[in-house]
Amino acid sequence: MTVEVLGTVLGTAIQGQIVGKVDTPCVGSPFFFGLTNSSVAMEELNMTHDTGGLTDTRNAYMIAAGVIGGLYVLCALILVLGVRERRESCELQSDEPVSFFQGLKLVMNHGPYIKLIAGFLFTSLAFMLLEGNFALFCTYTLGFRNEFQNILLAIMLSATLTIPFWQWFLTRFGKKRAVYVGISSAIPFLILVVVLDSNLFVTYLVAVAAGISVAAAFLLPWSMLPDVIDDFKLQHPSSRGHEAIFFSFYVFFTKFTAGVSLGISTLSLDFAGYQTRGCSQPGQVHFTLKMLVSAVPVGLILLSLLLFKLYPIDEEKRSKNKKALQDLREESNSSSESDNTELASIV
C-alpha cells in the first residue's frame, strides 16, 4: 500500500508540474455586463481569452496523460511478466468447481463481507467527494488558485509517510480500532477548514491531517478483506476459488462510489450556478463547496463508523479463524501425504 500511495504521489507530482505551468485564462462573471446581454457578453469574452491558453492547457493535459499512461503500461508489464501464481496443495485437488453465479450468491450472502463493503462504501464516497471538490474549494472558496497542486502533494506525501504507522497501529491495537481512529481523525480538520477564515497555514495543516486519514482508508480495507475471506473459507470449506469474486466486487464498489460522487458534485454545483472557467463564483457555489468537502463527508464518515460497529470480525475472532484454518491445512496436507503413500504402496 505504501508503494501504491507513492505511485499516486508520483502521478500527482507529474500532473501538477506539467499542467500547473500552463496559465489557463478564467472568464469574468457575466453579471458585470448586465443581465439582458449576459449570454452575448459571455460569448464575446470567451472569444477574447481563447485559443492560445486553451490550446496550451489541452497540450499539457495530453502530455501528462501520455507520461502517466506510459508508466501504467510499464508497471502492468512488470506485474504480468514478473509474478507467478502459486496454489496451495489443498487447492490442487480435483474438486468440482463451483460456477460463477453460485459463487457470487455465496459471497453476497456472507454477512461480514456485506457489512465490510457497506462501511467502506460510505467511507470511499466521503473521501471521493472531498477529493473531487477540493480543487474547486481551494481555488474559489479559499482563494488559493496557485497553491492547489502543492496542497494535494502534501496530502499524498502525508499519506505515504503514515502508512507504516497505521500498519503498526492495527497490529498493536486491532483493525477495528484502527478504522475508528484512522478514519474519524479527519473529522475535526474537515470542520476546521470551513469554519475558520481562509488561511494558507490552516489549509496545509488540514491537508496533512487528511493525508493521515487517506492512509488509513488506503490500507485498512485491503487488510480487513483477507479476514473476511478466511471466515468464508471456514463456513464453506468445500467451496474454493472465490477470492477473485471478493476482490473484484470490492474494487467495483469503490469505482461505483467514484461515479456517484462525480454525479452528486456535478448536479449540486450545476444547481448552485457554477460557472465553468469563471474567475469567481456566486455565493451559492461557495456554500455548496463547503457542504461537499466538509458537512457531507463528515456525515458519511459517521454513518460508516456506525456500520463498522456491526462488523463481526474482531481480533479475537480473527485469531480463532487463523488457528482453525491452520488446522484445516495441516489436516489436508496429512491426508494428501497418506494418499500418496497408499498410492506408492499399491504401485
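The values are calculated or read from the model by the stated rules, or taken from the named source; none is laboratory data. These numbers come from a predicted model, not from an experiment. Positions of Cβ are backbone-derived with ideal geometry, glycine not excepted, and every protein chain shown enters the neighbour counts. Please note that ligands, DNA and RNA were not included when accessible areas were found on the heavy atoms of the full protein model with its side chains. Shrake-Rupley method; radii C 1.70, N 1.55, O 1.52, S 1.80 Å.
Across region 153-174, the qualifying residues are those that are out of contact with any Lys or Arg (no Cβ under 9 Å at 6 or more places or on another chain) and over 14 Å from VAL214 (Cβ atoms), and the one among them that is surrounded by the most Cβ atoms within 10 Å (Cβ to Cβ) is GLN167. State all residues of region 127-136 that are open to solvent by less than 50 Å² (accessible area, probe 1.4 Å) and out of contact with any Ser or Thr (no Cβ under 7 Å at 6 or more places or on another chain); if no residue qualifies, say none. PHE127, LEU130, PHE134, ALA135, LEU136, listed by residue number. A residue that is in contact with a helix residue (DSSP H, G or I) (Cβ under 6 Å, 6 or more places away or on another chain), open to solvent by 20 Å² or more (accessible area, probe 1.4 Å) and within 17 Å of ALA135 (Cα to Cα) can be found somewhere in region 205-217.
All told, HIS236 meets the bar of being touching a residue at least 40 places away in the same chain (Cβ under 8 Å) and open to solvent by 30 Å² or more (accessible area, probe 1.4 Å). Taking region 96-110 as the range and being in a helix (DSSP H, G or I) and open to solvent by 30 Å² or more (accessible area, probe 1.4 Å) as the test, the residues that pass are PHE100, PHE101, GLN102, LEU104, LYS105, LEU106, MET108.
Within region 265-281, the set of residues being among the charged types (D, E, K, R) and in a helix (DSSP H, G or I) comprises ASP270 only. Restricting attention to region 140-152, report how many residues are open to solvent by 40 Å² or more (accessible area, probe 1.4 Å) and either part of a helix (DSSP H, G or I) or farther than 24 Å from GLN284 by Cα (or both). Counting residues in region 140-152 that are open to solvent by 40 Å² or more (accessible area, probe 1.4 Å) and either part of a helix (DSSP H, G or I) or farther than 24 Å from GLN284 by Cα (or both) gives 3. For GLY70, the conditions (1) within 24 Å of the chain's Cα centre (by Cα); (2) surrounded by 12 or more Cβ atoms within 10 Å (Cβ to Cβ); (3) modelled with pLDDT of 90 or more are fulfilled apart from (2). When region 175-192 is filtered for residues that are in contact with a Ser or Thr (Cβ under 9 Å, 6 or more places away or on another chain) and either modelled with pLDDT of 90 or more or open to solvent by less than 40 Å² (accessible area, probe 1.4 Å) (or both), the ones remaining, listed by number, are LYS175, ALA178, VAL179, GLY182, ILE183, SER184, SER185, ALA186, ILE187, LEU190. Among the residues of region 269-287, write down those that are surrounded by 13 or more Cβ atoms within 10 Å (Cβ to Cβ) and under 19 Å from LEU196 (Cβ atoms). Residues satisfying the conditions are HIS286, PHE287.
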